[in-house]
Each structure stands twice: as structure tokens, then as C-alpha cells.
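Input: a single structure, listed below in C-alpha cells.
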Amino acid sequence: MLSLGVIVVGMLAVVGGTGLCTINPETSDLSAVREVDGEAFLDLEARAAQGAAIRIPDVPEDWVANSARRASVAQSPSSVVGWVTPQEGYLSSWQTQVSLDDALAGFDEHFREEIETINIDGQDVIVASTEERNVRDVWAFDMEDERVLLSGTASEEEFTELVRAFLAVDPVEIG
């Protein structure tokens, strides 16, 4: 027990002395979110996509892009950008060229069934969900030249705001 006590005290002294960790469960600081340039990433993806449509949504200024990567949806490349919102929600957008049915079926290894279709500014958006724990809903819509899938922990209002941001912009022009 004495040896364990010495190890724990030593660990706390070393970790606490660095000043790199804090414990304060009652406050949140979005400045701690790692920020990436999602717009630049999507612009590069559009240039590399060789004619595939990629949109750069105009999200609110207080949304922080914290991830940008290329991923696979239904074994096809997809451009993914994620944002943290001021309400501590998270949204990620997946832009792909595969059909909407294939995109929903191949989003990940979890099966989601369509639970409703929402009309947002004339655009039908499918909301797919599962009863599995810790599996996020997917909002998906077909913009004819590309399919967009949204997932995350944000509120319905924030999902709707991101759908509207995609609907308000044209694909990146190359040339």
C-alpha cells in the first residue's frame, strides 16, 4: 500500500506540475478546441475531385471547424468536415458522389432505418436512426450533383442550419 501511495503521489506531482491538465466539470472553453481550416480543405478536395461537386457551406462564425479529412462512404471517397458549435454540439458533413441509398447503407457498419423525411426550404432530408446505443442519427439529402450526409450530437436546429448552409451555396468552381 505504501508503494502504491508513493506512486500515486509522484504521478500527481509530475502531472500537476506540468500545468497541462485541469479538472473543472462545470465550465466549458471552446478555445481549447483544435481548429482546422475546413474551407481550405474543401477547396483542395474540389480541385482534386476531378469534376465532382464539392460545396463549402457558409456556417455561422462561432462554429469552430475542428476536423477535416477524406473518408470512405460505400467504398467511395468522401470529403468530411466537422464543427463544434457554441452550444457544445458537434456536426460533421460528408460529401460524396454515390447514390443516396448507397451512401446511407454504406455510411458505417451500423444499420439505420429511415424514420422520417423533413422538408427544409424545398429540400427533402432523410433522417435515419437506429436503436443501437452510442450510434448517431444521419441526416441525408440528394443535391443531384452530390449527396450530403450529416451526423453528430448537435441540436435539430443546428442540423437544420447546416442543411440550409449547403443549400445556399453552389459547388466550388474550378478554373
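Some points to look at:
- Top-ranked residue of the range 1-31 - restricted to ones that are at pLDDT below 65 and in a helix (DSSP H, G or I), ranked as farthest from Glu88 (Cα to Cα): Ser31
- Single residue of the range 138-155 satisfying the filter (closer than 23 Å to Val73 by Cα and outside any strand (DSSP E or B)) that is most open to solvent (accessible area, probe 1.4 Å): Glu144
- Within the range 50-94, tally of residues that are without any contact (Cβ under 8 Å) to a residue 40 or more places away in the chain, part of a loop (DSSP other than H, G, I, E, B) and on the phi < 0 side of the Ramachandran plot: 3
- Conditions (1) over 13 Å from the mean Cα position of the chain (by Cα); (2) in a helix (DSSP H, G or I): number failed by Phe159: (1)
The values are calculated or read from the model by the stated rules, or taken from the named source; none is laboratory data. Just so it is clear, the model here is predicted, and its values are computed rather than measured. Backbone-built Cβ (ideal geometry, glycine too); neighbour counts: all protein chains shown. Accessible surface areas use protein heavy atoms only, side chains included; no ligands, DNA or RNA. Shrake-Rupley method; radii C 1.70, N 1.55, O 1.52, S 1.80 Å.
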